[in-house]
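Notes to accompany the following structure.
No value in this document is a laboratory result; all are computed from the given coordinates. Keep in mind that this is a model prediction, so the values were computed, not measured. Neighbour counts run over all protein chains shown; Cβ positions are idealised from the backbone, glycine included.
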Amino acid sequence: MTSLTSNLAGPLSGEARVPGDKSISHRALMLGALAVGQSEIHGLLEGQDVMCTARALRALGAEVERGNDGLWRVQGVGVGGLCEPATTLEMGNAGTAARLLMGVVATHPITCQFTGDESLNGRPMGRIAEPLMRMGARIIARDGCRLPLTVIGARDPLAVVYPPPVPSAQVKSAVLLAALNTPGETTVIEAAPTRDHTEHMLRYFGAELRLAPANGGGAAITVTGQPELEGQKIEVPGDPSSAAFAVAAALIVPGSTLILRNIGVNPLRAGLYDSLREMGADIEFCEPRERGGEPIADIVVRAGGLRGIDVPASRAPTMIDEYPILAVVAACAEGVTVMRGLAELRIKESDRLAAMAEGLAACGVGVEAGEDYLVVEGRGGPPPGGGAIATRLDHRIAMAFLVLGMASEKPVTIDDGASMETSFPGFAALLNGLGANIA
């Protein structure tokens, strides 16, 4: 374990590029493996989670290598061409990788065993398993449908029309990826929109995908099975969830101004920025552009006074990973911030709702947590700090409290920073280069 202490920082300044988008990196590797020919990926996130995806795809028969020029190249096997792995697929802490790869292999006539670290093995997979079993796969798992588990792929997969019971980009994506090797048309019906990186990338690789209004509301996303996908060149933008930590730090450390280059600003991932602007944050998206169907911009952020707000539950799908860092910003704002619709945080890498409530209380911040809500009493300035934070092997908890320490009266210490390598390699070094004091 590597403990880290974050001390009060002076004004942050400068420009930075954060690591590549984790969601897009996973999908680029997977669709590259299912395409015919070679895909070149620029800016792939080289964190532990994405490396788990790369290793798993190698075990499934694709060639996945990093060149000396920094580009990742994937030689695909084509839809339906994956082979049975000789060993268990070790997914580490990579929940997105595990769930999406379950979808990929579920419609191949192969058997795959999945396992992960202690955190991942404790997280339920039933939401993913249920539609995949409807499509013909067999899934053998521990109680609660947890890893380690085995996916026995369907020999004659069935097209389905599936309405996920709760909005989930991972469930939607697993079904759409399974649909690629399924004859006919498979449809996912979303009651509320979730991040659409899978849809953008399927189209980019040449899949036939339709989006239409669904009867009774929502949207119907339909994929035609057994396409011939073609290898592509992909530029992975900076991860907006990673950028959020630097943005938050600049907002709560007085006198700060930062520029973050080449950040993904997909509207279905931008709920945090909407919330911060409602709090009075000075955030500007500059030079908007598009790469591979994904909107990108440079983000300019300046420190300033912030006020508490009521964040509606309807916003949760667009910012589910950003509530820990929003809670940190709320601790420094004037007044009370209420966040609703947070039940999903109970089953992330850790129980993030409990972790944030305990950590904020340890740092002298008034907080109340319910089953699906969090109330933070803002200090209107620097929180007391001084807490010793149990990160629970969760990278977002670790990074959120290091940011809090940058604006607190007393240092904040986390018990282990190793988990940050899963999504943001070099986090402390990057922030220190901008003016932080993390030791």
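Identify which of Arg302, Arg66, Arg352 has the largest mean-square fluctuation in a Gaussian network model of the chain, with springs joining Cα atoms closer than 10 Å.
It is Arg66.
Skipping prolines and chain starts, which residues have an amide H placed within reach, meaning under 5 Å, of the one on Val336, given they are 5 or more residues away or on another chain?
Sorted by chain and number, the residues that satisfy this are Gly308, Gly378.
What dipole magnitude, in Debye to the nearest 20, does the range 187-240 give about its Cα centre under +1 on Lys/Arg Cβ and -1 on Asp/Glu Cβ?
Roughly 120 debye for the range 187-240.
Of Gly218, Met133, Thr194, whose Cα points farthest to the positive end of the dipole of the range 116-257 (charges on the beta-carbon: +1 Lys, Arg; -1 Asp, Glu; origin at the Cα centre)?
Met133
Restricting to the chain, compute how many DSSP beta bridges are antiparallel as a %, nearest 5.
If I count the DSSP bridges inside the chain, around 75 percent turn out antiparallel.
Check Thr391: other-chain or 5+ apart residues with amide H under 5 Å from its amide H, H built from backbone geometry?
For Thr391, the qualifying residues are Asp415, Asp416.
What net charge is computed for the residues neighbouring Phe401, neighbours being all others with C-beta under 15 Å from the C-beta of Phe401, Lys and Arg scored +1, Asp and Glu -1?
It works out to a net charge of -3.
Positive end of the dipole of the chain, charges at C-beta (+1 Lys, Arg; -1 Asp, Glu), about the Cα centre: which of Leu393, Ile299, Val375 has its Cα farthest in that direction?
The residue sitting farthest along the positive end of the dipole is Leu393.
If you place +1 on the Cβ of every Lys and Arg, -1 on the Cβ of every Asp and Glu, and leave all else neutral, what size is the dipole of the range 236-291 about its Cα centre, to the nearest 20 Debye?
The calculated dipole for the range 236-291 is roughly 160 debye.
Where the centre of each part is set by its Cα atoms, how far does the range 288-322 sit from the range 337-399, in angstrom?
Between the Cα centres of the range 288-322 and the range 337-399 lies a distance of 19 Å.
Rank by packing, highest mean first: peptides 89-99, 120-130, with packing defined as the count of other Cβ atoms within 10 Å averaged across residues.
89-99, 120-130
What per residue convex hull volume, in Å³, comes out for the range 197-335 when only alpha-carbon positions are used?
In the range 197-335, the Cα convex hull volume per residue is 116 Å³.
Compare Pro312, Pro85, Pro295 in a GNM of the chain, Cα atoms joined below 10 Å, and give the one with the largest fluctuation.
Taking springs between Cα atoms under 10 Å, the residue moving most is Pro312.
Over every pair of different alpha-carbon atoms in the range 1-132, take the mean of 1/r and invert it; report that Kirkwood radius in Å.
Over the range 1-132, the inverse of the mean reciprocal pair distance is 16.3 Å.
Summing Lys, Arg as +1 and Asp, Glu as -1, what charge do residues with Cβ under 14 Å from the Cβ of Pro148 carry, Pro148 excluded?
-1
With a point put 7 Å past each Cα toward its Cβ, work out how far Ile259 is from Glu228 in nm, to one decimal.
Between Ile259 and Glu228, the simple spin-label model gives 4.6 nm.
With 20 Å bins from zero, work out the P(r) of the chain over every alpha carbon pair and list the percent per bin.
Over the chain, the share of Cα pairs per 20 Å bin runs 27, 57, 16, 0 percent.
Between Glu65 and Ala388, what is the label-to-label distance in nm when each label sits 7 Å out along the Cα-to-Cβ direction?
4.9 nm
Taking a spot 7 Å from the Cα of Ser13 along the direction of its beta carbon, which residues of the range 396-436 have an amide N less than 19 Å from it?
In the range 396-436, the label zone of Ser13 (backbone N under 19 Å from the point 7 Å along Cα→Cβ) covers 407, 430-436.
What is the distance in Å between the Cα centres of the range 262-278 and the range 15-61?
So the two Cα centres are separated by 23 Å.
Considering amide H positions built from the backbone, and no H for Pro or chain starts, which residues 5 or more places from Val161, or on another chain, come under 5 Å of its amide H?
Amide H neighbours of Val161: Thr187.
Given only helices, namely DSSP H runs of n ≥ 4 each adding -39500 (n - 2.57), what is the per-residue ellipticity at 222 nm of the chain, to the nearest 500 deg cm²/dmol?
-9000 deg cm²/dmol
From Cα pairs below 8 angstrom and at least 6 apart in sequence, can you work out the relative contact order of the range 280-350, rounded to a whole percent?
After rounding, I find 30 percent.
Considering the options Asn68, Asn432, Leu258, tell which one lies farthest towards the positive end of the dipole of the chain, charges being +1 on Lys and Arg and -1 on Asp and Glu at the Cβ, about the Cα centre.
Looking along the dipole axis, the top candidate is Asn68.
Could you work out the Kirkwood radius for the range 335-439, taking every pair of different alpha carbons, averaging 1/r and inverting it, reported in Å?
In the range 335-439 this quantity evaluates to 14.1 Å.
Tell me, what is a quarter of the convex hull surface for the C-alpha atoms of the range 157-199, in nm² with one decimal?
The number I arrive at for the range 157-199 is 2.8 nm².
Cut-off is 10 Å between beta-carbons; in what order do Lys233, Lys172, Lys348 appear when sorted fewest neighbours first?
Fewest-to-most Cβ neighbours within 10 Å comes out as Lys233, Lys348, Lys172.
What is the dipole size for the range 80-204, taken about its Cα centre, with +1 at each Lys and Arg Cβ and -1 at each Asp and Glu Cβ, in debye to the nearest 20?
Using Cβ point charges on Lys, Arg, Asp and Glu, the range 80-204 gives about 140 debye.
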